[in-house]
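Enquirer: So that we are looking at the same thing, I have put the structure below in structure tokens.
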Amino acid sequence: MRYAIRKLVTLIVTLFAVSLLAFLAFSVIPGDPAVLQLGVNATPEALDALRAEMGLDRSVFVRYFEWLGEMMSGEMGQSFAHGVSVRELVGDRLIITGSLMGMGFLMTLGIALPVGVLGAGGTAGRCEHRPLQGILTGVTQVMMAVPPLFLGLVLTFVFGVTLRVFTPSAFVSFRESIGGYLFYMLFPALAIALPKAAMVVRVIRSSVRDELRKDYVQTAVSRGNGPRAVLYRHVLPNIAVPVLTFAALTLIMMITDSIVVEQVFSIPGAGRLLVSAIGARDYPVVQALVVVIAAFVMVVHAVTDVVARGIDRRIVF
Amino acid sequence: MQNAELRARAMRRRNFTLIIGLVLTAGLLLVVVGGNLLWPFGAAEIGAGGRLDSPSLTHLFGTDHVGRDVFARVLDGAGTTLLVALGTVLIGSLGGLLVGAVAGYFGGWLDEIVMRISDGLTAFPSVLLALVAMSFTGAGMWNVVWILGLLFIPSFARVARGEFARCRNLDYVKRARLIGASHLRIMWVHILPNTLPVFLSTVAIGFNNAVLAEASMSFLGLGVQQPQVSLGRMLADSQGYLFNAPWVAISTGAAVVLLVLAFSLLSDGLQRKGLRRIRFLRKT
């Protein structure tokens, strides 16, 4: 518990540091936002007026705290390109992206944990089902090489175009129908989940294999434990932490995947907003989303650390 | 009988992952380079065939919506993607080797600072950071190369640092120091060759990541720009006629998968080789 509180404090401090860093990074970049908005032919008076309106005539630190206030209140600043608050642009997008990643992550675990554990192969040094093991190794190796964007296209082609299980780019908002929304998100989530599941399966299998070489496994066997008991009672608890850490890593990697997959399945999520804002150099939007993503990444890392420590008390950070 | 058993054991010990990885990588490089030189159609040649022709002997992967030969485009696109990957990995690995070698060899506060920065950077997916950086610099192939290259430095630096820190206090390095070899000479002549088995596997995985990163970024329209062809750009274009001409998306995607697979097998094989070498060195 004390560990969790210490982590929470560190998390808040780092969040502030990261928000400051993000803000400074976006204020030192060349290019005057006022010129960007009005064009190079604007009169100096008009530019000054706009700068004053955007608050650019004040010091960086005043602006930082103002912006921080806006981030915390949920308004997240004003978009250059659209002239509305970022909050308005974001709308449901964070929920959509969040649920896409959540579904992807659940699917990853749902596929990888059973396949990884059952496919971990023989306990006690023997290799069971050799051909099956070989096939599993091959499938995971190939699956890992398939980028989610291509898998998304393949799934669209097979289930959307050929089998007509779903209608491509006919997104259903969760405000209209929860069922329809979840069903539409099924294939995008699968496109994210399958390659990641292959990676997790690989990590589980290689950790089990490394673990089986250790002395305590021999001891467990010699004390009369059967292969199942050795695997479930002795080996799995010992690999829980590395597998958990890796799973958390895949959750973070899913941020990029979901940006891409949103584009493939035309899902109006935060990823597409980020891409269009980057293309249009709409810095306040990019800045706000970067801070949200950074917060997410750090929360995932912190939660992983706390859970890992909960599993294994020996861990000290 | 005994002979057969010995041979079987040797076969089992042979590094099949490395062999498959090497063959696949070499084969793909050969096809991409040779194909770009020899294939009769150009990537930009409009009307090389009919519109959206399905695959045939003249057009191995069919043609696209303006009759361009898809095989030629895949070859050209794979060339661009590999060029981006090469540039990225060169910047990343050389930068990482330099930073990691200094940090690992000298240790101390320098090491601490370098590693904290690299921890911070590797906490985020590099494609994401690259995308955000694109909002400052604008899209384009060379921007992708140097931004991704810089973002790859921390992961290479981490590996190099680990290896240099491991070797720093080995007996033979201490002896070299006693003889009076300079730090630079020790790092360059004595330690570097011993880090290579491990480092090379990281280089291969770097290619793997760079191909994936380029594909994603160009797919989102923030990487390689028209009229240049890259695998990511082609996948983005192919989405428009997935219904009429699925072969464009499938052949382009298959090229990405093969490249990534080749590099990941290569990396796994090299890693296995490196581990065996370390185990061997420990025994002797």
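Nothing in this text is a laboratory measurement; each read-out follows from the coordinates by a stated rule. None of these values were measured; they are calculated from a predicted model. A quick note on method: Cβ atoms are made from the backbone with ideal geometry, for glycine too, and the neighbour counts reach across all protein chains shown.
Enquirer: Rounded to the nearest 20 Debye, what is the dipole magnitude of segment A:92-281 about its Cα centre when Lys and Arg each give +1 and Asp and Glu each give -1 at the C-beta?
Expert: Dipole about the Cα centre, nearest 20: 420 debye.
Enquirer: Further question: Once the dipole of segment A:92-281 is set up with Lys and Arg at +1 and Asp and Glu at -1 on Cβ about the Cα centre, which of A:178, A:222, A:242 lies farthest towards its positive end?
Expert: The listed residue farthest towards the positive side: A:222.
Enquirer: Quick one: what are the phi-derived ³J(HN,Hα) couplings along segment A:281-295, Karplus 6.51/-1.76/1.60 with θ = phi - 60°, whole Hz, x for glycine and proline?
Expert: 6, 8, 4, x, 5, 4, 4, 4, 5, 4, 5, 4, 5, 4, 4
Enquirer: Taking each residue in B:134-142, count the Cβ atoms of any other chain within 10 Å of its Cβ, then average. What number comes out?
Expert: The mean count of partner-chain Cβ atoms within 10 Å per residue comes to 4.
Enquirer: If amide hydrogens are placed 1.01 Å from N in the peptide plane, which non-local residues have theirs closer than 5 Å to the one on residue A:78?
Expert: A:86
Enquirer: Just want the ordering: A:101, B:234, B:115, from fewest to most Cβ atoms lying within 10 Å of their own Cβ.
Expert: B:115, A:101, B:234
Enquirer: Label residue A:214 and residue A:16 with points 7 Å out from Cα along Cα→Cβ: what is the distance between them in nm?
Expert: 4.0
Enquirer: Taking neighbour counts of Cβ atoms within 10 Å as a proxy for exposure, in what order, fewest first, do B:109, B:142 appear?
Expert: Result, fewest neighbours first: B:109, B:142.
Enquirer: Could you compute the FRET efficiency for residue A:3 and residue A:186, with r as their C-beta to C-beta distance and R0 at 41 Å, rounded to 0.05?
Expert: 0.60
Enquirer: Please state the shape class of chain B: rounded when a/c is under 1.5, otherwise prolate if a/b exceeds b/c and oblate if not, all from the C-alpha gyration tensor.
Expert: Since a/c reaches 1.5 but b/c is at least a/b, the shape of chain B is classed as oblate.
Enquirer: Can you list residues whose amide H is under 5 Å from residue A:265's amide H, if they're 5+ apart or on another chain and H is modeled 1.01 Å from N?
Expert: Placed amide hydrogens put nothing under 5 Å from residue A:265.
Enquirer: Additional query: Gain in length, residue A:176 to residue A:139, computed as 0.36 nm per residue apart minus the alpha-carbon separation, to one decimal in nm?
Expert: Answer, rounded to one decimal: 9.5 nm.
Enquirer: Just name one of A:165, A:69, B:87: the one whose Cα is farthest towards the positive end of the charge dipole of the protein assembly as shown (beta-carbon charges, Lys/Arg +1, Asp/Glu -1).
Expert: B:87
Enquirer: Under a straight-distance cross-link criterion of Cα-Cα below 18 Å, which aspartates and glutamates are reachable from residue B:273, leaving out those fewer than 8 residues away in the same chain?
Expert: Within the straight-line cut-off, residue B:273 pairs with A:210, B:163.
Enquirer: Moving to a separate point now. If packing is taken as the average number of other Cβ atoms within 10 Å across a peptide's residues, how do A:208-220, A:266-278 rank, most packed first?
Expert: Answer by packing, highest mean first, reads A:266-278, A:208-220.
Enquirer: Related question: Residue B:66 to residue B:174: extension gain in nm, 0.36 nm per residue of separation minus the Cα-Cα distance?
Expert: Length difference between fully extended and current span is 32.2 nm.
Enquirer: Pull out a ≥ b ≥ c, the square roots of the eigenvalues of the alpha-carbon gyration tensor of segment B:18-93, then state rounded if a/c is under 1.5, prolate if not and a/b is larger than b/c, and oblate in the remaining case.
Expert: prolate
Enquirer: On average, how many beta carbons from a partner chain sit within 10 Å of the beta carbon of a residue in A:146-159?
Expert: Per-residue shielding by partner chains comes out at 6.
Enquirer: Bins of 20 Å, beginning at zero and ending with the bin holding the largest distance: percent of Cα pairs per bin for chain A, please.
Expert: Taking all Cα pairs of chain A, the binned fractions are 26, 47, 23, 4, 0 percent.
Enquirer: How big is the convex hull of the Cα atoms of segment A:204-317, per residue, in Å³?
Expert: Per-residue hull volume (Cα only) is 137 Å³.
Enquirer: For segment B:157-193 and segment A:189-228, what is the separation of their Cα centres, given in Å?
Expert: 36
Enquirer: Now a separate question. Check the straight Cα-Cα distances from residue A:7 and name the aspartates and glutamates below 17 Å, setting aside those fewer than 8 residues away within the same chain.
Expert: Output for residue A:7: A:305, A:312, B:119.
Enquirer: Arrange A:1, B:217 by Cβ neighbour counts within 10 Å, fewest through most, would you?
Expert: Ordered from fewest to most neighbouring Cβ atoms within 10 Å, A:1, B:217 come out as A:1, B:217.
Enquirer: Could you give the radius of gyration (one decimal) and Dmax (whole number) of the Cα atoms in segment A:92-281, in Å?
Expert: 19.7, 67
Enquirer: Just to be sure I understand the rule: take each whole DSSP H helix in chain B, project its Cα atoms onto its long axis, keep it if the span is 20 Å or more and its mean Kyte-Doolittle hydropathy is at least 0.5. Which ones pass?
Expert: Correct list, ordered by number: B:16-38, B:70-106, B:141-168, B:192-219, B:246-283.
Enquirer: Assuming R0 = 60 Å, what is the FRET efficiency of residue B:113 and residue B:58, from their Cβ-Cβ distance, to the nearest 0.05?
Expert: After rounding, the FRET efficiency stands at 0.50.
Enquirer: Looking only at other chains, what is the average number of their beta-carbon atoms within 10 angstrom of each beta-carbon in A:291-301?
Expert: 1
Enquirer: With the cut-off at 1.5 for a/c, could you classify the protein assembly as shown from its C-alpha gyration tensor as rounded, prolate or oblate?
Expert: Verdict is rounded for the protein assembly as shown.
Enquirer: So which aspartates and glutamates pass the test for residue A:196, namely a Cα distance under 14 Å, with those fewer than 8 places away in the same chain ruled out?
Expert: Leaving aside aspartates and glutamates fewer than 8 places away in the same chain, those within reach of residue A:196 are A:257.
Enquirer: Given Cβ point charges of +1 (Lys, Arg) and -1 (Asp, Glu) and nothing else, what value in debye, to the nearest 20, does the dipole of segment A:53-188 about its Cα centre take?
Expert: It comes to approximately 640 debye.
Enquirer: Just the ratio, please: alpha-carbon radius of gyration of segment B:99-169 over 2.2 N^0.38 Å, N its number of residues.
Expert: 1.26
Enquirer: Residue A:24 to residue A:206: FRET efficiency via 1/(1 + (r/R0)^6), r the Cβ-Cβ distance, R0 45 Å, to the nearest 0.05?
Expert: 0.60
Enquirer: Of the options B:263, B:211, B:34, report the single residue whose Cα projects farthest towards the positive end of the charge dipole of chain B (beta-carbon charges: Lys, Arg +1; Asp, Glu -1).
Expert: B:263
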